[in-house]
Amino acid sequence: MSIPILNYSLSTQNQRVNSFEYLAGEEQPKIYTTDNLPSSFEMDQIIWASYRQIFSEHQILSNTREIFLESQLRFNQIKVKDFIKGLLLSSSFRLLNYDVNNNYRFVEICIQRVLGRDIYNDREKLAFSVIIGSQGVEVFINLLLNSNEYLENFGETVVPYQRRRIIVQRSKGEIPFNLKTPRLDQSFLNKQGLPQLLWSGAVRRFRPQEQNPKAGDPALFLGMVNEISLI
């Protein structure tokens with residue numbers, strides 16, 4: 001028996017505003033679609049936009065290409081939505097995003113790239129994490145692609161895009177989704193026991209500037225050499 005997705009409410013008032021994604025003064029996204037029988041050049045742009053959206057600009061490498069899927073899309077054997085699904089279920093996407101993160105971070109990444117928005121709240125993140133843990137990644141991906149939100153915004157033929165491409169509050173350090181680091185968030189670093197670069201607060205685990213070299217440290221030898229060279 002499959003576990004149904006948990007119910008969660010939206011924690012922002014933006015969902016009450018019609019077309020809240022489009023504000024005056026914001027850059028509007030370019031729509032890549034196969035509705036108008038694209039030329040060969042236009043198809044290249046559609047494929048490139050798909051890679052850029054799903055893999056982000058950090059992860060576009062030669063080994064992330066799916067040549068067979070590209071060929072199917074070019075010859076109209078599959079829709080854009082099928083191409084997006086193939087990229088999301090590829091071994092490259094799994095390696096770069098799922099294998100190096102916990103389920104919560106993976107949910108956040110997929111919602112940003114597939115639905116073109118940030119997560120509503122931790123409750124939404126938890127709801128989809130339960131689906132991944134109980135039914136697997138493929139069920140989670142299908143749930144996003146077959147959701148009313150995806151179909152109403154992108155349908156079968158439009159490449160997903162950031163529905164709010166320019167973050168308004170840049171003064172607070174917020175940046176567009178595709179420019180965020182795609183993996184290795186703080187919780188993953190804690191899990192792996194990697195050095196914690198905490199320079200403020202009561203706890204400081206890693207402070208290289210405050211450590212004096214001990215006897216036998218190569219830094220002492222290098223310091224002596226520098227002093228001699230200045231004489």
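The values are calculated or read from the model by the stated rules, or taken from the named source; none is laboratory data. Source: prediction; values computed, not measured. A quick note on method: Cβ atoms are made from the backbone with ideal geometry, for glycine too, and the neighbour counts reach across all protein chains shown.
Residue check: residue 105 meets all listed conditions (1) under 23 Å from residue 155 (Cα atoms); (2) touching a Lys or Arg at 6+ places or on another chain (Cβ under 8 Å); (3) not aromatic (Phe, Trp, Tyr) but one, namely (1).
Contact map, the stretch 39-63: residues that are modelled with pLDDT of 90 or more paired with residues that are among the basic types (Lys, Arg), Cβ distance under 7 Å, separation 6+ or inter-chain. Pairs shown: 43/74; 53/113; 54/113. Yes or no: residue 147 in the same structural domain as residue 162 (by TED's automatic domain parsing), closer than 17 Å to residue 32 by Cα, among the polar types (S, T, N, Q) and out of contact with any Lys or Arg (no Cβ under 9 Å at 6 or more places or on another chain)? Criteria not met by residue 147. Inside the stretch 51-109, can you point out the residues that are over 18 Å from the mean Cα position of the chain (by Cα), assigned to a loop (DSSP other than H, G, I, E, B) and crowded, with 19+ Cβ neighbours inside 10 Å? Within the stretch 51-109, just 66 meets the criteria. Candidates 80, 130, 107: the one that is within 30 Å of residue 36 (Cβ to Cβ) and either in the same structural domain as residue 50 (by TED's automatic domain parsing) or in contact with a strand residue (DSSP E or B) (Cβ under 9 Å, 6 or more places away or on another chain) (or both) is 80.
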